[in-house]
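Presented below is the structure to which this report refers.
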Amino acid sequence: EQQCLSYEYPLLTDHPLKELQENSKLKFTFFSISEFNGEDCSIFVAPLARDRSIHVWVDLEADNPQAFLRTEIHHNQKVLRSTDVLQWRTGEDIRMKTMPEAGWDCDHNSLSGQLAHLDIRSMHKKSIQLQDALYSLHELSPDFALREILGLTGDVAIVVKVPHPPELSQMPSATFAFSSLPIGGEFAIDVPSGRVRATASSESGPSERHITLALDLGKALAVKIEDPMGEAPTRCLKLSLEELDFKSEDLIMPAVGEFDQVDAIGASDCNHFRYYGNGGHLQSIDFWYSEEDDSLCRFELKPRSQGSSTSDTVRFEFPTFLPLFEPGPSSAPFKGKQDTWAGCQSADPSGGSWLRLASSSQKETSDLLPGARKLIELGEALGTVGLLPPEAATTLARMIVEMPSDKTSPGPRQDLHPSHTWQNDDIRSPLLKSFTFSFSSTYPLQGEPPGEGSSGIYGRTMKTKKSGMGEVRVDLENRLLYMRSEAKNLSDAIGMMESKVIYRADQGRLWARTKIMGAEEFQQCWQISTAEILPVPPRGLALNPFLRGKHAGNGFSVPGNLAHAHALADKFVFFISTDRRVELYVDDQKALAYISVDHLDHDVSAGVKVHDWSTAPIDQEWFKPGADWGCQDVQLDHYSEMLADWDLIQIFLPTEPDEWERRLNLV
């Protein structure tokens, strides 16, 4: 791919302007004699701007005494660059055009889809010498201009800038179609007026419905449900939002996205960012955005698991995107004020209707209409990336839309899942009994970014960086562990790999299930007896594994914490073997923020960024393998060494007898 751009000729406005003009009056002076390639050369020196000077090697005995053999650029008695002339050409040997050829197809100041930026509009320190040369060529003598141009040889400065997430909160309105198979629809947002209009058509079958949603912030929320087959009556309910007042900590606020890479989606090159949920039922959001088209490309949403050990990724595609508020014809009945919304009855304010708001955005969603579920997920994702106002995103995240019944509800429906506020325990409390967190991981931290080679100072021992994400649940009292992790784009053939591990010390067993999705799908599960290789500590002794950490200091920055770069943490260090060191970063809420595991024998490290830390009690269903896992027993000898040395268990459920004995002696 190639591109040609033209620029306005730059103006030099900073302080070296006068210095350039003064230096242009100075000539070359003899400096010394030196040998170059077996030839005796005279060295001449002349000043350049910004305390630089140019040294030129000339063979005065050559056939062409005007030719030079070498140039050096000096600054503060140091050589910045040297250039050796391999061939000197003059006159008819030089082919040069002062205007670009027609085939270059140059655009004038076109910034859309620009491959690279020549930074000559501002005084960037990487381009000041180029600007000096351009000014000299335009304003000063040809001799001095040539001198400044010679000072540019070898001075190619390339600055790679990581794309920033789009500032979608600055976009006043947007309308776009979406597809999340087997459901599709449209979404229209008008931020100044606080209006949201959306539609979704459900899959075919008994629950096939067309849903139209209208939201006017601070006024009302309406949902209309239609049966495309005409077998069920059209229903429409509206909820008054005039009394709705969210607490600031409950709002789904825009998060800070982390850039991953650039991916081709259809005909567009889209920047891939990852966001993490901040209060709703989404654990993470992978967001692709086309900077060239100023449009959404794709969402991949990872919901938080709600009462199940299964949590599937939800994908949204966006075939069209307009920076305008243009809802489709299905939203026509909701154009006027809320009291004129045709055919809409008021919903039961006590919560007994098929349309209602939950007390918490982290609600049970098993009874939701499929089309409504998509609008809820999409609304929360749009709020997290900043396109939807926080109040609107939070309202949609708490919306419940069920299949209307012909029967009238006998009375107010009770909230079957009331929210309880849990106060997290201090991570280093001796009374800590359980903990849960989601994570994003990188291994090895010293590796090359994806797509780059593994050569360099680390040689063959270094690998390409791999990233993953997942969740961990640990019951310390009963020595139970559950972990789900996934990694994407491991190779051309493997699109995603998901693994789930359950360890139960009370049964002396470990289950591991691996699922690979790509060109071909593969699934395998095995179980193993752990009684011999993972011994259980003395009965009644439940140790907080984090108490092993020795305090290494305060005020450490949490690695990779771009959203709160100013936040500082305490660091604690301990060893799980002679060659493996663990570093824990604990934030000001006494919660785990980051884990670093250093493999000292190989000089590589793994980094784990922790999200959603909680010490609340854990439902025991998490520690039961699913009936569809189909695990097979394997021989102990094949895996005993691996399990005994497994970092995950040794960090959270240590099995070292010496440690227990030492703690018992202290007691």
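The lone criterion from (1) in a loop (DSSP other than H, G, I, E, B); (2) at pLDDT 70 or above; (3) surrounded by 21 or more Cβ atoms within 10 Å (Cβ to Cβ) left unmet by residue 363 is number (2).
Checking each residue in the range 575-605 for being among the hydrophobic types (A, V, I, L, M, F, W, C), modelled with pLDDT of 90 or more and surrounded by fewer than 18 Cβ atoms within 10 Å (Cβ to Cβ) picks out only 575.
The set of residues from the range 57-82 being in contact (Cβ under 8 Å) with a residue 60 or more places away in the chain and surrounded by 17 or more Cβ atoms within 10 Å (Cβ to Cβ) comprises 71, 73. Pairing residues of the range 589-610 that are on the phi < 0 side of the Ramachandran plot and in contact (Cβ under 8 Å) with a residue 40 or more places away in the chain with residues that are open to solvent by less than 30 Å² (accessible area, probe 1.4 Å) and assigned to a loop (DSSP other than H, G, I, E, B), at Cβ distances under 6 Å and at least 6 apart in sequence or on separate chains, gives 592/427; 604/444. Taken together, 552, 591, 627 contain a single residue that is among the aliphatic types (A, V, I, L, M), farther than 24 Å from residue 485 by Cβ and out of contact with any Ser or Thr (no Cβ under 8 Å at 6 or more places or on another chain), which is 552.
Here's the yes/no breakdown for (1) open to solvent by less than 30 Å² (accessible area, probe 1.4 Å); (2) assigned to a loop (DSSP other than H, G, I, E, B); (3) modelled with pLDDT of 85 or more:
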{"position": "99", "(1), (2), (3)": "no, yes, no"}
{"position": "153", "(1), (2), (3)": "no, yes, no"}
{"position": "162", "(1), (2), (3)": "no, yes, no"}
{"position": "165", "(1), (2), (3)": "no, yes, yes"}
{"position": "175", "(1), (2), (3)": "yes, no, yes"}
{"position": "185", "(1), (2), (3)": "yes, no, yes"}
{"position": "206", "(1), (2), (3)": "no, yes, no"}
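Just one of the numbered conditions (1) outside any loop (DSSP other than H, G, I, E, B); (2) modelled with pLDDT under 85; (3) touching an Asp or Glu at 6+ places or on another chain (Cβ under 9 Å) is not true of residue 18: (3).
Within the option set 559, 535, 625, 545, being at pLDDT 90 or above and surrounded by 12 or more Cβ atoms within 10 Å (Cβ to Cβ) holds for one residue only, 545.
The values are calculated or read from the model by the stated rules, or taken from the named source; none is laboratory data. Note that the structure is predicted; figures quoted are calculated from it, not measured. Note: ideal-geometry Cβ built from the backbone for every residue, glycine included; neighbour counts use all protein chains shown. Keep in mind that these areas ignore ligands, DNA and RNA; they rest on the heavy atoms of the full protein, side chains included. Shrake-Rupley method; radii C 1.70, N 1.55, O 1.52, S 1.80 Å.
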